[in-house]
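**Student:** Before I ask anything, here is the structure I am working with.
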Amino acid sequence: MMPSERTKGAGAPVAVDISTLEPGTLLTVEWRGKPTWILHRTAEMLQLLEKYEEKLRDPKSEVPQQPAYCKNPTRSIKPEFLVAVGICTHLGCVPTYRKEIAPADLGPEWPGGFFCPCHGSKFDLAGRVYKNVPAPTNLVIPRHGYLSDTRLIIGTDDKK
Ligand code: FES
């Protein structure tokens, strides 16, 4: 039986079919009334994650903004799939997905990430916050797991 909209709003886990999510594409689903992202990272995106750690405030995810099994360099269970709550840790706006490398407005060193236009916070493609922006911490990674290779569940890690 599928959970009702009301039950989902109250926090029931949400199952998501990721079989058609192309590499480089972001899918937004609602979980606990919050936009929650699933990003299918490309091999190139994963390689870039290692290249600019000195610019990040918490590159090793020391602040517990993720379950213990996502305290790793990609902040994920499977490196290619990032699951993150799409709410800026400054004042709660929804950052935009800016996967382009070096766009004019974000500068020549932008390797792709998430940008919050409200007050200029920047996060990388693992949801790690940059230094010198208003957001204090990395984006939240919710508990999640895999029901199969193509089905993800957000809100529980029974099937991790
Ligand atoms: S809410 Fe994102 S920078 Fe302020």
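The values are calculated or read from the model by the stated rules, or taken from the named source; none is laboratory data. These numbers were taken from a predicted model, which means no experiment stands behind them. Cβ placement follows ideal geometry from the backbone for every residue including glycine, while neighbour counts extend to all protein chains displayed. Areas reflect the complete protein model, heavy atoms only, side chains present, ligands, DNA and RNA absent. Shrake-Rupley method; radii C 1.70, N 1.55, O 1.52, S 1.80 Å.
**Student:** Where the only charges are on Cβ atoms (+1 Lys, Arg; -1 Asp, Glu), what is the dipole of the chain about its Cα centre, to the nearest 20 debye? Could you put the intermediate results ahead of the total?
**Tutor:** Details: 21 positive and 18 negative charges, 90 e Å.
So the magnitude is around 420 debye.
**Student:** Right, here's the next one. Sort all Cα-Cα distances of region 34-143 into consecutive 10 angstrom bins from zero, then give the percent of pairs in each bin up to the one containing the longest distance.
**Tutor:** Spelled out bin by bin, region 34-143 gives 15, 54, 29, 1 percent.
**Student:** Using a 1.4 Å probe, what is the accessible area per residue for the chain, in Å²? Mind dumping the intermediate values first?
**Tutor:** Details: 8130 Å² over 160 residues.
For the chain, the per-residue accessible area is 51 Å².
**Student:** Figure the gain on full extension for residue 93 and residue 159 (residue separation times 0.36 nm, minus the Cα-Cα span) and round it to one decimal in nm.
**Tutor:** Values: separation 66, 0.36 × 66 = 23.76 nm, distance 3.04 nm.
Extending this stretch completely gives an extra 20.7 nm.
**Student:** Still on this structure, please answer the following. By how many nm would the segment from residue 109 to residue 60 grow when fully extended, if each residue of separation counts as 0.36 nm and the alpha-carbon distance is taken off? Walk me through the numbers before you get to the answer.
**Tutor:** Details: separation 49, 0.36 × 49 = 17.64 nm, distance 2.07 nm.
That works out to 15.6 nm of additional length.
**Student:** Could you tell me which of 92, 108, 37 has its Cα farthest along the dipole of region 16-160 towards the positive end, charges placed at Cβ (Lys, Arg +1; Asp, Glu -1), taken about the Cα centre?
**Tutor:** The residue sitting farthest along the positive end of the dipole is 92.
**Student:** Now for a different question. Exceeding 23 Å between C-alpha atoms, which entries from my cross-link table qualify? They are 51/78; 34/55; 34/122; 131/159; 34/131; 122/159.
**Tutor:** With Cα atoms farther than 23 Å apart: 34/55; 131/159; 34/131; 122/159.
**Student:** Something else about it: Measure off, as a whole percent, the carbon and sulfur share of the 1.4 Å-probe accessible area of the chain, all protein chains present. Numbers along the way, then the final one.
**Tutor:** Details: 4430 of 8130 Å².
Accessible surface attributable to carbon and sulfur in the chain totals 55 percent.
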